[in-house]
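Written below as structure tokens is the structure these notes are about.
The values are calculated or read from the model by the stated rules, or taken from the named source; none is laboratory data. The shown structure was predicted, so the numbers you read here are calculated from the model rather than taken from an experiment. For neighbour counting, all protein chains shown are included, and Cβ atoms are generated from backbone atoms with ideal geometry for every residue, glycine included.
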Amino acid sequence: MTLRTRYLRDRTIEVALVLLTLLVVVPLFIIILYVIMNGFSALNFSFFTEELGSPARAMQGRPTGLMHSIIGTIVIDLVALVMAVPFGIATGIMMSEYQEHPFAPVARLMTSTLNGMPAVLMGLLAYALVVKNTGGFSALAGSVALAFVMVPIIARTTESVLRVTPWNLREAGLSLGLPRWKVTTALVLPAARAGVVTGILIAFARAAGEAAPLLLTSFGNNYLSFNLTQPMDTLPQRLYSLAISPYKQWHAMGWGGAIILLLFVMVTFFVGRLVIRKLEKESHA
Amino acid sequence: MTDIAVRSGPPSGAGLQLNTGRLTAARYRAPGDRAFKTVVVALSSAVILLAIAMAVVIYLEAAPTFRAFGYLSFLSETTWDPVAAVHGALPFILGTLLTSFSALALAVIPALGVAIFSSEYAAPPLAALINYTVDLLAAIPSVVIGLWGIFNFAPQMRDAVYMPIYLWALEEAEWMLPIIGAPSTYNFVTATLILALMIVPYTVALSRDAIGQVPREQREAAWALGATRWEVLRKAVLPYARTGIIAGILLSLARALGETMAVAMLIGNRNRLPFTLFGPAATMPSVIINEFREAVEPLHYSSIMAVGFYLFFVTIGINLLASWVQQKLSLSKGAV
């Protein structure tokens, strides 16, 4: 093979790679563009202050909105977070700080298994455990399902972050005569604080975008509700219902909901990402 | 999602078992230590139990279906008709496998292209921009992509692609008709294309990690022999990263198998075989989402749970296969 053909082949490959990259990147911009274009025109004041109500309300042009879905998302996700954080962090600590414990490898296997599970199965499990035993769809069941989604993510990021905190820190603490739990809670966790919080943020963002488990557990509600034992509305599940509904006005509201959900999820996700990048740089240095 | 790579650890795997002196041993039996450890063990056992509960509970909920139809005939029955109380999972299993493997086939080459371009060809700022964009794609909630698909992608594809092909086949190639079927807005091809788009970011991120693990020296040696960029890639980088890339592809496949909302919104929900390319179909997650809320009959309910049970096993199988491949990678590292 002559040098010329080798260079020619190199060039051809480069062009092909650029084209493939465009093929992946362009649809993304199309999606974002459509959501932004259709979403902003659907947003107005009543979108944030009114409940959805019956379809007739939208058809007659009376003010309706997704205020109840936005509030419901916040309530259900926060309750889920409160439930998931202790379990997630404890499992992370188990996998990183108690590596000699017989449960540590089991916990690692189970965490990665759960991490790979489709969220819809978390919904089925929460339905069988909570909805069936309490006698009806409820916001609480939704929170349980989302907590199932969050726990393995928090556990895994906590483990990774704890493991990259310098080993000297633990040795220093132990050599000063600190008991092991003090080393973990007073030295290792504070040093890894930013990373642990990031893991929680990422888990929160991931769960906030999940519709499947909520459709099977918190069900949805056209009106505002703060009762955890009753069905409650959430944005992702409402988006699905609006999109498959036969009403034009509801479709427009779906775009409005999509832009709110997209902004919410992406901002959370990227704040988390930035912190992780920063941590990675620090641990390289 | 990129995790922080595990770098440091206890020196030579010694762990924290410093039971050398009486003093330290006594320290570790301190009440605070015991209490803390108990809490950690209790909370993490709950997580272990959760994974086991998932298999057990879903199995128990599905038991009536397995009793009524048997494990294998539930798998091979081609009809799913809740009204007639006949439940077979074959349409959904085939639907899941066909959409996932087709989507994977579509996604792998572009995804590898992006990963190679951003890690080997692009200047650092451009590479950062590409990585950022691809991560953005992974962050978009599935239901938002489904919404775009319903209102935008699917109708446009029907008018611009499916209808012309169908009309052409009607005149010129009648033998194709049984394969492509009459075009409906929400169909197999639409769902597969969206699915491919949705797994690309995972394949990209995982192959990028695999390529990133190739040592610098490997590349420099090839450069020093006068290789072009493509030859460096082809001969030095890709063979080294191969196992990692394969594991990444398997994990992306697991993603595709479980992808729920966008597929459920775009596949059109047809519960019996045969499926056609431009006609509606169904997958395991899509039937769970679309029928669960209407499942009042106990047998219907338990059959949906049974579909979930099989989905659990397919996913776990692919995940275990991926981690086995990855393990092979770490074992062969010294040898390569």
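So is A:E159 within 20 Å of B:R255 (Cα to Cα) and at pLDDT 90 or above or not? In short, no.
Taken together, A:V25, A:V85 contain a single residue that is free of Cβ contacts under 8 Å to residues at least 40 places away in the same chain, within 28 Å of A:A203 (Cβ to Cβ) and not acidic (D, E), which is A:V25. If you go through the stretch A:127-155 and keep only what is facing another protein chain (nearest Cβ under 10 Å) and either more than 17 Å from the chain's Cα centre (by Cα) or closer than 23 Å to A:H68 by Cα (or both), you end up with A:Y127, A:A128, A:L129, A:K132, A:F137, A:A147. Residue-level check: of (1) in contact (Cβ under 8 Å) with a residue 12 or more places away in the chain; (2) surrounded by 14 or more Cβ atoms within 10 Å (Cβ to Cβ); (3) over 23 Å from the mean Cα position of the chain (by Cα); (4) outside the structural domain of A:T229 (by TED's automatic domain parsing), A:L17 misses just (1).
Return yes or no: is A:I31 in a helix (DSSP H, G or I), without any contact (Cβ under 8 Å) to a residue 12 or more places away in the chain and within 14 Å of chain B (Cβ to nearest Cβ)? Judged against the criteria, A:I31 is a match.
If the condition is being at the interface with chain A (Cβ under 9 Å from one of its Cβ atoms) and either buried (at least 21 other Cβ atoms within 10 Å of the Cβ) or closer than 21 Å to B:P239 by Cβ (or both), then the stretch B:117-129 contributes B:F117, B:S118, B:E120, B:Y121. Residues in the stretch B:131-169 that are in a helix (DSSP H, G or I) and in contact with a Gly (Cβ under 6 Å, 6 or more places away or on another chain): B:L147 only. Please determine, by comparing only the residues of the stretch B:28-52 that are buried (at least 16 other Cβ atoms within 10 Å of the Cβ) and within 25 Å of the chain's Cα centre (by Cα), which one is nearest to A:Y127 (Cα to Cα). The qualifying residue nearest to A:Y127 (Cα to Cα) is B:L50.
Listed residues A:T91, A:T111, A:T73; which is more than 7 Å from chain B (Cβ to nearest Cβ) and either modelled with pLDDT under 90 or out of contact with any Phe, Trp or Tyr (no Cβ under 6 Å at 6 or more places or on another chain) (or both)?
Just one listed residue meets the conditions, A:T73.
Could you tell me whether B:V200 is closer than 28 Å to A:M266 by Cβ and either facing chain A (nearest Cβ under 9 Å) or not in a helix (DSSP H, G or I) (or both)?
Values: closer than 28 Å to A:M266 by Cβ: yes; either facing chain A (nearest Cβ under 9 Å) or not in a helix (DSSP H, G or I) (or both): yes.
Yes: the conditions hold for B:V200.
B:F188 satisfies every condition listed in (1) surrounded by fewer than 17 Cβ atoms within 10 Å (Cβ to Cβ); (2) away from chain A (no Cβ under 12 Å) except (1).
Residues that are of a type in the set (V, I, T) and away from chain A (no Cβ under 14 Å) within the stretch B:209-239 comprise just one, B:V214. Of the residues making up the stretch A:232-278, those that are among the charged types (D, E, K, R) and at the interface with chain B (Cβ under 9 Å from one of its Cβ atoms) number 1.
Taken over the stretch B:47-75, residues that are in contact (Cβ under 8 Å) with a residue 60 or more places away in the chain, closer than 26 Å to A:G88 by Cβ and more than 8 Å from chain A (Cβ to nearest Cβ) amount to 2.
Only a single item in (1) closer than 30 Å to A:P152 by Cα; (2) assigned by TED's automatic domain parsing to the domain that holds A:P236; (3) of a type outside the set (V, I, T) is not met by A:L28, and it is number (2). Listed by first and then second residue, the pairs linking a residue in the stretch B:217-243 that is part of a loop (DSSP other than H, G, I, E, B) to a residue that is β-branched (V, I, T), with Cβ atoms under 7 Å apart and 6 or more places separating them unless they lie on different chains, form an empty list. Every condition in (1) at pLDDT 90 or above; (2) more than 15 Å from the chain's Cα centre (by Cα) holds for B:R293 except the one numbered (1).
The combined condition, being part of a helix (DSSP H, G or I), buried (at least 18 other Cβ atoms within 10 Å of the Cβ) and not aliphatic (A, V, I, L, M), is fulfilled by A:F87. Scanning the stretch A:162-184 for residues that are of a type in the set (D, E, K, R) and either touching a Cys at 6+ places or on another chain (Cβ under 6 Å) or within 16 Å of A:A90 (Cβ to Cβ) (or both) returns A:R163, A:R180.
Checked against (1) at pLDDT below 90; (2) polar (S, T, N, Q); (3) in a helix (DSSP H, G or I), B:T78 meets all criteria but (3). Any chance the stretch B:195-216 includes a residue that's surrounded by fewer than 22 Cβ atoms within 10 Å (Cβ to Cβ) and over 24 Å from B:A107 (Cα atoms)? The answer is yes, given that some residue of the stretch B:195-216 is surrounded by fewer than 22 Cβ atoms within 10 Å (Cβ to Cβ) and over 24 Å from B:A107 (Cα atoms). Consider the stretch B:75-116 and keep the residues that are surrounded by 21 or more Cβ atoms within 10 Å (Cβ to Cβ) and aromatic (F, W, Y). The one that is farthest from B:T283 (Cα to Cα) is B:W80.
Within the set B:P110, B:P155, the sole residue that is more than 9 Å from chain A (Cβ to nearest Cβ) and modelled with pLDDT of 90 or more turns out to be B:P155.
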